[in-house]
Amino acid sequence: MRIILAFGKSYPARTILMLLSLVIAGVVEGISLTTMLPLVSVMLGDSGHSGAVVDQVASVLHSVGLEPSITVLLIIIVAGMSLTSLLILLANRQVGYTVAHVATDLRIDLINATLGSRWEHYLRQPGGALANAVATEAFRASTAYEHAANMVALTIQAIAYAIIAFVVSWQAALVCIALGMAILLALRGLVKTSRKAGKSQTGLMRELLINLSDTLGSVKPLKAMAREDIADSLLRSQATELNAAMEKEVTSRETLRALQEPLLALLAAGGLYAGLVIWKLPMSSVMVLIFMVVRVLGLMHKAQQRYHRMAAQESAFWALREAVEAAKAQREPQGGSHQPTLARQIIFDQVSFTYGGRRILDEASVAFEVGAMTTLVGPSGTGKTTVLDLICAMLVAQEGRISVDGVALADLQRRSWRRMIGYVTQETLLLHDSVLANVTLGEPSLTEADAEHALRQAGAWEFVQALEQGMHTRVGERGGQLSGGQRQRIVIARALAHRPSLLILDEATSALDAESEADICRTLKALTPQITIIAVSHRPRLIEVADQVFELVNGKFNTVKREHLDASHPVRMHSTTRR
């Protein structure tokens, strides 16, 4: 029942209305069913010895001017059942509304919490895990809530019937319901099996989608080496384990359903015998009692089935909640209150950064001039991308100070600072959508005029105009309708669409041929001095057009002068000045 309480906190109004509707429905149903005993007594002609219940019902009806005839009693029962159905419909409507929102709200909470977490936390999250949570676990969690709510509804209905059974004969009702509860408890093992299988499904589905995502990302080299069977074997093994967990759940659920019916029939037969032979109750009382007890136990068995299905699904909800709470615990700091400017310099002053026990920056100092194009070079793994992440405030230095125009980066409004940045990576990931959508990414504040301005800055406007539908032309899967250079220009235009003051390039030209790289480098150089550019690259063109070149080696920045570049190996540095 924890899941009902959890959702009750998130959706209090709907939960209260649902429970109130169910309780009122139970009361109405109970009141209407009290007329069943007098009805059966009249029909069987044993009203003379049917007990005080009939007299009390008749007295109540006489007080409101009604005769306890068959017609009146039937009308009361039908009216009560109809009103009960309407109230249950109202309750289920609230459940339906809540279920419709649960999956969406869980997905949004997880995505927002993950995107709002520290960069280090985000890097530890497998992409397949997030996809699994959004696509599968959120749906399973909402289904678990639906089963839990239906279980509550069935339980409240069962209570209404149980009360009438106790009114008819509390001794007989107590014995029958006690036996029924014993049967329910005896079948608890199947519910435990289902819960365990559900937890296994949650974990196995997560692992399967993580590996599937990673495998599909590297399928080309695997196929080229004829090694795709390795991936197939791994995925097949995990899929087999998942199938086994699902089989356990289905088996336990169907076993529960198969056992309930004969046990229920046996209990009804035993109750009928005990009522007539042992307690020698009137036939009308026995019939009503058996009807009520069978109804109670039937509803409780249905509630148990719902509980069984809830137990199999709810692990997804708790896994989602755990992921959201973990991401919120790693929430990124909001930064300071200063409004950022970019008019003079970005300065690293004795900055040190350690990650995974490795010293990446060691009291490193450097100044990036505003309005200039700076290229950062150095061997792979020396921390060039880390420098970019520090500038974007995605990572925080353990020692030293990073400042922008003399103000510590930590004191700036973080989102305002990042809105001044355009960022381009070497992966030219494009949406299977129009050029316009790929440039603006659907941001409402960006217009077609903004997209055109960015495309012109990126040197892409000419070829975009030549496309069949201009900016509204679809670029194909991953931009497959465009050349490599065209895709890269679209990505650069995307980074320029919100008119940043600082453009950061992380190996942005590494996948291009020499001619395309040269064209893009000339385009980038033309953006200065209006836009400050900091680029990480091993390619000679970005070094040739740079105003400043720094080499990062052993955690230190070396200032590189143009005459110290090796002609045969443009990225190789000789005589340098240590900052």
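Every number in this text was worked out from the coordinates using simple rules, so none of it is lab data. In this text, all values refer to a predicted model and were calculated from it rather than measured experimentally. For neighbour counting, all protein chains shown are included, and Cβ atoms are generated from backbone atoms with ideal geometry for every residue, glycine included.
Here Ala410 and Thr255 are evaluated by their C-beta separation; at R0 = 51 Å the FRET efficiency comes out at 0.25.
Across every pair of non-identical alpha carbons in the range 345-578, the mean reciprocal distance, once inverted, gives a Kirkwood radius of 18.4 Å. If you wrap the tightest convex hull around every Cα atom of the range 336-452 and split its volume per residue, you get 148 Å³.
Using a Cα-Cα cut-off of under 27 Å, which lysines could be cross-linked to Lys196, ignoring same-chain neighbours fewer than 8 residues away? Qualifying lysines at Cα under 27 Å: Lys9, Lys248, Lys302.
Between Phe166 and Thr447, the modelled labels are 7.1 nm apart [label points 7 Å from Cα along Cα→Cβ]. Per-residue Cβ neighbour counts within 10 Å put Thr104, Thr559, Thr15, Thr375 in the sequence Thr104, Thr559, Thr15, Thr375, beginning with the fewest. Spacing of the modelled spin labels on Gln345 and Asn243, each 7 Å from Cα toward Cβ, amounts to 6.6 nm.
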